[in-house]
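One structure is given here, and the rest of the page talks about it.
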Amino acid sequence: MKYFPTRRILLGTAAASAVLAMTACGGNVGGASGSADAYPSKPINVTVGAAPGGSTDLIARAVAEGASEDLGVAMPVVNKPGANGALALKEVQGKAADGYELATLNASLITITPLAVSEAEAVSLDDVEVIVGLSQDDYVLVANPEAGVKTVKDLTAAKDLTFGTTGVGTGSQLAQALLLKQAGIKGTEVPFDSGAPAVTAVLGNQVQLATVQLGEAKAQIDAGKLVPVVVFSTERNKFLPDVPTATEEGYDIPVSQYRAMVAPKGTPEDVQARLKTAFENTFKTEAYQQFNEQNLLTPREVSGEEVVSEWTELAAKYKQLTEKYDISLQEN
Amino acid sequence: MDFLQPVLDGFGVVLAPTNLLYCLLGVVIGMLIGVLPGLGPAATIAILLPLTYGVEPVTAIIMLAGIFYGAQYGGTITSVLLRLPGEASSVVTVFDGYMLAKQGKAGTALGIAAIGSFVGGTVGIIGLTFLAPVVAGFALSFGPPEYAALALLGILLVATISSGSKSKALIAAAFGLLLATVGRDVFTGAERFTFGNLSMADGIDFVPVAMGLFGLGEILYNLEERHRAAKAPAKVANVWPSRADLKQSSGAIGRGSVLGFFLGILPGGGATISSMAAYALEKKRAKQPGRFGKGAVEGVAAPETANNAAATSSFIPLLTLGIPANATMALMFGALLIQGVTPGPQLVDQHPDLFWGVVNSMYIGNILLLIMSIPLVGVFVRILRVRAAILAPITALITLLGAYTINNSMFDVTLVVFFGIVGYLMKKFGFEPGPLVLAFVLGELLEANLRRSLLVLNGDLGGFFERPISASLLAIFLAVALWPALQSLLARRKAAGAVETVKTQKAKEKV
């Protein structure tokens, strides 16, 4: 019985700080400083909209590991796969905006998926607070050595090629479809469920080429089992310095995967700032930098505002490109 | 001898005390999570991953691998005792395992499963040791047409697996195929039967369906017939299978090992398909196929051997090609990356100590599991002596909790309840849930790969017969499909012949 009123007081305090937090959003930053001292006082959940083991999951775990040390509380990673990550994001949006519920977000969900799925499923950056950008993951077009293609020029000369993609509404599908149209390559696109089966199919020459994320094909490229043809980032990837970009080859295909850390809309600004500091401190650690190297990720540690403007720009760009080249991600 | 040197060095790595300890730790954790339905090896490895940061790469992978194959041992226990398959690969074990348990022979079923698992696992490791590079090529020659043909064959085998009425099995299987179409179309992005629900966008997860149909459905059915359930076997003895049982299942274990090893290499549902194929093979070969589904030891031995052999051989694509064959292997891939080792074609040359250390740790791990599971069988079997009134709610609770932990999703819990009711009704009206679940698993594989094949083959169906593997699989399909018709034709002729001889005999007697 003794604890009952205490709990009530706690609840009252929580409600009060929530009110303070709301005023903080209105511009009254000074009023919320009290809650910043208390934050964080309990574990912070990081929801990942992908199954354990993939690169999104590994990145979330690496970031959470570093940030939890800085913040002094545990940061358990919760996997909630489904609908390309939309499911996890929608769930986190519904949680209290108190800084104890975070999620990782893939740019493709904002910039590419809406081109392929119904409007009801699409998610928007307006519904979240972007804390910080994390990293960039590049797409590479790889070929089976037996296909005899080494450059984009070889592709335009060849006929009856099959191109694997990693699924509908992915950067792999968009980048490849744009390349086929812009370079006038004749080929059939074959969607697979994810990167690994697509790479297997190219290794076995079931399809001659596929566009996958670099981490999924680097070991095979190094072993000479796959030939890298072109990278879809605007600048050369530092892990594949000899492979030209599509931009260099004269095509307009700026497609990469970006990831960011987000919180529900209305999370107090001082809490956001505290989180941002924790993530920035993580980025400086050797362990995290090593993690990026091992997973072939290029750091893209920009502010939340930059993420919003960059991704919004990309979404508009992709929409314009697909319209210009008459590409529909919904049909094959 | 050059080849054997790194192999022997690998044993040196495993026998280091730290590595032995982590191996033991891995298999014990694996076995425990195998017993808990829902919590699979993938989730466990994800949770325990940070624990491995501080140790040597080879030690870390030895432990994680132990969790994976240990879970295959543990998964059998709930399938046999509670009719709760934790994974797709132990669905077929339920059919005969649970019947054996009902007959008071749970110990025999678990003992045979442990021995089969040990043999299957060991054969898998020997294959991994000597054939890994050769066999990796086999996985690569499996393209979309081969998968489509294999799935087609699997769906046909589903019909032969069930023991009840053929037409009811077909109806259940058709329902399973229909369920497999739910979700976002992989080719066009169109929503199919999702009713605008995001939770269904990726389709329905297999585990809640199996848990509901088998687990909850069984509990509900037993509640109705409480008086009968109360008469659960009072005496559960014979932990060690009798010599007759061993003899009866030795063939099944041998064939299951080989089949499991080869099918396990295939990415995707390798372990599931191999357990089904092993079961169907034994049923086809049996002199009295009618015994299957009513408590045949081979029905437990074959799939359990095959799924362990498959679990081991699924390491081959990861370690030799750098391709994870399933979710658990994807985590191993991640774990290796964290340790600074990139799995791929160069792994064996660059890190021979790691490769052979991990492979050889599996020999030790399998022996540890066998030693642990035989005495533990007696302990687990006692679960059956708990009164139904106590056991039923606890099982239901574990099932629902387990369903939640897969994707941390309440939607999956609702699915379990829904399919629990479906399972109860099916059982009440004489439908087997087995064909439904298996067709559900294979339906997705068939549809996606058939459409993919048609893209690759430019819409030419003849292409299926121009590729050697898909052509052979389709030939087997035709043979299996036409066999019953042929058999009845032959039987009729024989019967007609027999009648003739009887007539002549009778005629002779008269004379």
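Across region B:198-209, the qualifying residues are those that are part of a loop (DSSP other than H, G, I, E, B) and modelled with pLDDT of 85 or more, and the one among them that is surrounded by the fewest Cβ atoms within 10 Å (Cβ to Cβ) is B:G203. Does region A:50-67 contain any residue that is assigned to a loop (DSSP other than H, G, I, E, B), surrounded by fewer than 23 Cβ atoms within 10 Å (Cβ to Cβ) and of a type outside the set (S, T, Y)? Within region A:50-67, one or more residues are assigned to a loop (DSSP other than H, G, I, E, B), surrounded by fewer than 23 Cβ atoms within 10 Å (Cβ to Cβ) and of a type outside the set (S, T, Y). Checking A:Q206, A:Q220 one by one, the residue that is assigned to a helix (DSSP H, G or I), modelled with pLDDT of 90 or more and closer than 22 Å to B:R452 by Cβ is A:Q220 and no other. Scanning region B:388-447 for residues that are at positive phi and free of Cβ contacts under 8 Å to residues at least 24 places away in the same chain yields a total of 1.
Can you name every residue in region A:130-157 that is away from every other protein chain (no Cβ under 14 Å), acidic (D, E) and over 15 Å from the mean Cα position of the chain (by Cα)? Within region A:130-157, A:D154 is the sole residue that qualifies.
For B:L157, indicate whether it is away from chain A (no Cβ under 14 Å) and in contact (Cβ under 8 Å) with a residue 60 or more places away in the chain. So B:L157 passes the test.
Here is a yes/no grid of residues against (1) surrounded by 15 or more Cβ atoms within 10 Å (Cβ to Cβ); (2) of a type outside the set (K, R); (3) assigned by TED's automatic domain parsing to the domain that holds A:A88:
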| site | (1), (2), (3) |
| --- | --- |
| A:V230 | yes, yes, no |
| A:P244 | yes, yes, no |
| A:E269 | yes, yes, yes |
| A:R274 | yes, no, yes |
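If you go through region A:176-197 and keep only what is away from every other protein chain (no Cβ under 11 Å), modelled with pLDDT of 90 or more and outside any helix (DSSP H, G or I), you end up with A:G184, A:I185. Scanning region A:207-234 for residues that are within 8 Å of chain B (Cβ to nearest Cβ) and free of Cβ contacts under 8 Å to residues at least 40 places away in the same chain yields A:A219, A:D222, A:A223. Candidates in region A:291-328 are the residues that are within 19 Å of the chain's Cα centre (by Cα) and within 14 Å of chain B (Cβ to nearest Cβ); of these, the one that is surrounded by the fewest Cβ atoms within 10 Å (Cβ to Cβ) is A:E293. Among the residues of region A:116-140, those that are crowded, with 21+ Cβ neighbours inside 10 Å and out of contact with any helix residue (DSSP H, G or I) (no Cβ under 7 Å at 6 or more places or on another chain) comprise A:A116, A:V117. Here A:D160 meets the list (1) within 16 Å of the chain's Cα centre (by Cα); (2) closer than 23 Å to A:F192 by Cβ; (3) within 14 Å of chain B (Cβ to nearest Cβ) almost entirely, failing just condition (1). If you go through region A:263-307 and pick out every residue that is in contact with a Ser or Thr (Cβ under 8 Å, 6 or more places away or on another chain) and hydroxyl-bearing (S, T, Y), you end up with 2.
The number of residues in region B:341-393 that are surrounded by 18 or more Cβ atoms within 10 Å (Cβ to Cβ), modelled with pLDDT under 85, assigned to a helix (DSSP H, G or I) and of a type in the set (G, A, S) comes to 3.
Taking residues in region B:166-186 that are within 20 Å of B:A481 (Cα to Cα) and surrounded by fewer than 16 Cβ atoms within 10 Å (Cβ to Cβ), and partners anywhere that are aliphatic (A, V, I, L, M) and modelled with pLDDT under 85, the pairs with Cβ atoms closer than 7 Å and at least 6 places apart or on different chains are B:K166/B:A159; B:L170/B:A159.
The selection criterion, being out of contact with any Lys or Arg (no Cβ under 6 Å at 6 or more places or on another chain), without any contact (Cβ under 8 Å) to a residue 60 or more places away in the chain and among the aromatic types (F, W, Y), holds for B:F333.
Let's see how each residue does on (1) assigned by TED's automatic domain parsing to the domain that holds B:K166; (2) at pLDDT 90 or above; (3) loosely packed, with under 15 Cβ neighbours inside 10 Å:
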{"residue": "B:I406", "(1), (2), (3)": "yes, no, no"}
{"residue": "B:M426", "(1), (2), (3)": "yes, yes, no"}
{"residue": "B:L438", "(1), (2), (3)": "yes, no, no"}
{"residue": "B:L450", "(1), (2), (3)": "yes, yes, no"}
{"residue": "B:K494", "(1), (2), (3)": "no, no, yes"}
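Scanning region B:31-55 for residues that are free of Cβ contacts under 8 Å to residues at least 60 places away in the same chain and either crowded, with 21+ Cβ neighbours inside 10 Å or within 10 Å of chain A (Cβ to nearest Cβ) (or both) yields B:I33, B:G34, B:T44, B:I47, B:P50. Would you say B:T328 is facing chain A (nearest Cβ under 9 Å) and surrounded by 23 or more Cβ atoms within 10 Å (Cβ to Cβ)? Yes.
The values are calculated or read from the model by the stated rules, or taken from the named source; none is laboratory data. The shown structure was predicted, so the numbers you read here are calculated from the model rather than taken from an experiment. Methodologically, a virtual Cβ is constructed for each residue, glycine included, from the backbone with ideal geometry; neighbour enumeration extends over all protein chains shown.
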